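The values are calculated or read from the model by the stated rules, or taken from the named source; none is laboratory data. As the structure is a computational prediction, the values presented were derived from the model and not from experiment. Ideal geometry is used to build each Cβ from the backbone, glycine not excepted, and the neighbour counts take in all protein chains shown. Areas reflect the complete protein model, heavy atoms only, side chains present, ligands, DNA and RNA absent. Shrake-Rupley method; radii C 1.70, N 1.55, O 1.52, S 1.80 Å.
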Amino acid sequence: MSEKTNLLDLDRDQLAAFLKGIGENSFRSQQLFKWIHQRGIVDLNLMTDLSKSLRDKLGELVTIKVPKFGHENRSHDGTLKWLFPVDNANSVEAVFIPEKGRGTLCVSSQAGCALECAFCATGREGFNRNLKVSEIIGQLWLAQNRFPQSDGSFARLDGVDASRPVSNVVLMGMGEPLTNYDNVVHAVRIMLDDFAYGLSRRRVTVSTSGIVPNIDRLREDCPVSLAVSLHAPNDELRSKIVPINKKYPIADLMEACKRYTDSSQGEVMSGVKWQRRGSPRDFVTFEYIMLDGVNDLAEHARQLIDVTRGVPCKFNLIPFNPFNDSGFTRSSPQAVSNFQKILMHAGLVTTVRKTRGDDIAGACGQLAGQVKSRRTPRRNVNPTVTTSI
Ligand code: SAH
Ligand code: SF4
């Protein structure tokens, strides 16, 4: 018997097509979406506005399976890190960052990552597999509907939309979202869908190390906020610390960023309330990790101004978050401040990221989950580098 379809793997267009395919009214997708994503109900029998016969029929064909919740770690600053075992060999992590007036969920897109950036714990672990749509959207489902408690139980929040804790989603957890393109796009569509989470495209950010062709596809398929992990101002240095640069060098990446912010292009997504106003974002955010003595000198800042000329952008300087045997150290606050001043002086809006959750290895680039890589461990790898939960 073929495996049942997990409704959490489908965006609403796909669910409508599925319903049509089994001879049902595709508009039922709206009701199902509200039950699953807004009310957090995964038991078909509780979906009382669906007929008993439809519920029975669906019961034969589908399942609604959310990821298992493994563990919660809480930082002194309120940041929460959640571990989700996605199969027998892999766990992935999501990080929730509560702040006044907003809550940001940092979501993983892959178990591990194949791109081997030199300063990243996830990259060190290697790649195991892409996450399914249900495993990506499931991180948001769990955060919104059943806040995991430290004892492993789930507390329901008060239910009303206003109390939903997650106002922003960033795909900055484990993995490179644009190498798990299709699943990420379907999951992001669910995030934006008014019958599901209804987040605006400005509140959903895809972070990429620079997969140029898929930046262009994202522009067409699902233009949300884009963060690009630049980290170096010239190809020689960038290829060393972000090896994907050898395939997609800085000049090509900058052209892709210009296209992404070009308001003369643009497509409308189907099935999602969407304002067609041209560009997905007026600017790209360049993330720049500050590595002591490696990429944090004044000359690097000046080169950055040159290479990003003509790209509508902002800069976010990220203090390096250390992990075992990384081989790098964090730039001094003075170096970060000097770097910021040079960029600001050239008219570039430049912020410095607050480090959150670093005491629970929940900060950017520290997520390592429990990935069992099928590959040979890389040089310089401490095999015990997993999250200390
Ligand atoms: N693969 C995507 C998204 C996940 S990484 C990307 O590279 O953009 C999210 C961000 O964390 C990226 O900007 C990444 O460069 C940064 N990062 C990785 N390791 C880090 C570390 N040790 N300290 C601080 N930031 C790190
Ligand atoms: Fe992968 Fe991003 Fe880490 Fe690079 S920084 S190894 S692309 S997760």
Original post:
Among the candidates Lys354, Lys314, Lys341, which residue alone is open to solvent by 40 Å² or more (accessible area, probe 1.4 Å), more than 19 Å from Ile241 (Cβ to Cβ) and assigned to a helix (DSSP H, G or I)?
Top reply: Lys341
Original post:
Within segment 238-250, is even one residue among the hydroxyl-bearing types (Ser, Thr, Tyr), at pLDDT 95 or above, assigned to a loop (DSSP other than H, G, I, E, B) and within 16 Å of ligand 1 (Cβ to nearest atom)?
Top reply: yes
Subject >> Residue check, Leu226 open to solvent by less than 10 Å² (accessible area, probe 1.4 Å), touching a Cys at 6+ places or on another chain (Cβ under 8 Å), free of Cβ contacts under 8 Å to residues at least 60 places away in the same chain and not aromatic (Phe, Trp, Tyr) >> reply: yes
Original post:
Could you count how many residues in segment 94-118 are open to solvent by less than 10 Å² (accessible area, probe 1.4 Å), closer than 17 Å to Thr205 by Cα and of a type outside the set (A, V, I, L, M, F, W, C)?
Top reply: 4
Original post:
If Phe195 passes every condition in (1) open to solvent by less than 20 Å² (accessible area, probe 1.4 Å); (2) away from ligand 2 (no atom under 16 Å from the Cβ) but one, which one does it miss?
Top reply: (1)
**OP:** May I ask you to verify whether Arg201 is closer than 26 Å to Trp35 by Cα, more than 13 Å from ligand 2 (Cβ to nearest atom) and of a type outside the set (Asp, Glu)?
**Re:** yes
**OP:** For Arg39, state whether it is more than 25 Å from Asn180 (Cα to Cα), in contact (Cβ under 8 Å) with a residue 12 or more places away in the chain, within 27 Å of the chain's Cα centre (by Cα) and not assigned by TED's automatic domain parsing to the domain that holds Ala187.
**Re:** yes
**OP:** With respect to Val169, determine if the residue is assigned to a helix (DSSP H, G or I) and either at pLDDT below 95 or open to solvent by less than 20 Å² (accessible area, probe 1.4 Å) (or both).
**Re:** no
Subject >> Close pairs from segment 207-222: first of a type in the set (Gly, Ala, Ser), partner assigned to a loop (DSSP other than H, G, I, E, B), Cβ under 6 Å, at least 6 apart >> reply: Ser207/Met172; Ser209/Leu115; Ser209/Glu176; Ser209/Val242; Gly210/Tyr248
Subject >> Residue in segment 222-237 that is nearest to the chain's Cα centre (by Cα), counting only those that are modelled with pLDDT of 95 or more, closer than 21 Å to Tyr181 by Cβ and not hydrophobic (A, V, I, L, M, F, W, C) >> reply: Ser225
Subject >> Identity of the residue in segment 41-74, polar (S, T, N, Q) and touching a Lys or Arg at 6+ places or on another chain (Cβ under 7 Å), that ends up surrounded by the fewest Cβ atoms within 10 Å (Cβ to Cβ) >> reply: Asn45
Subject >> Residue that is modelled with the highest pLDDT [pool: residues in segment 283-307 that are within 25 Å of Leu226 (Cβ to Cβ), in contact with a strand residue (DSSP E or B) (Cβ under 7 Å, 6 or more places away or on another chain) and in a loop (DSSP other than H, G, I, E, B)] >> reply: Asp296
**OP:** Taking Lys258 as the residue in question, decide whether it is modelled with pLDDT of 95 or more, assigned by TED's automatic domain parsing to the domain that holds Pro312 and either surrounded by 16 or more Cβ atoms within 10 Å (Cβ to Cβ) or within 26 Å of Arg202 (Cβ to Cβ) (or both).
**Re:** yes
**OP:** Provide a single number: the residues in segment 80-130 that are away from ligand 1 (no atom under 16 Å from the Cβ) and farther than 25 Å from Pro319 by Cβ.
**Re:** 8
Subject >> Lys57 being out of contact with any helix residue (DSSP H, G or I) (no Cβ under 8 Å at 6 or more places or on another chain), over 18 Å from Gly138 (Cβ atoms) and free of Cβ contacts under 8 Å to residues at least 12 places away in the same chain >> reply: no
Subject >> Positions within segment 338-355 being modelled with pLDDT under 95 and within 16 Å of Ala227 (Cβ to Cβ), in sequence order >> reply: Arg353, Lys354
Original post:
Scanning for something modelled with pLDDT under 85, more than 20 Å from Leu230 (Cα to Cα) and of a type outside the set (Val, Ile, Thr), does segment 104-122 turn up at least one residue?
Top reply: no
Original post:
Applying the selection to segment 170-183, what residues are within 13 Å of ligand 2 (Cβ to nearest atom) and not small (Gly, Ala, Ser)?
Top reply: Val170, Leu171, Met172, Met174, Glu176, Pro177, Leu178, Thr179, Asn180
Original post:
Being closer than 24 Å to Ala256 by Cβ, surrounded by 21 or more Cβ atoms within 10 Å (Cβ to Cβ) and of a type outside the set (Phe, Trp, Tyr), is that true of even one residue in segment 322-332?
Top reply: no
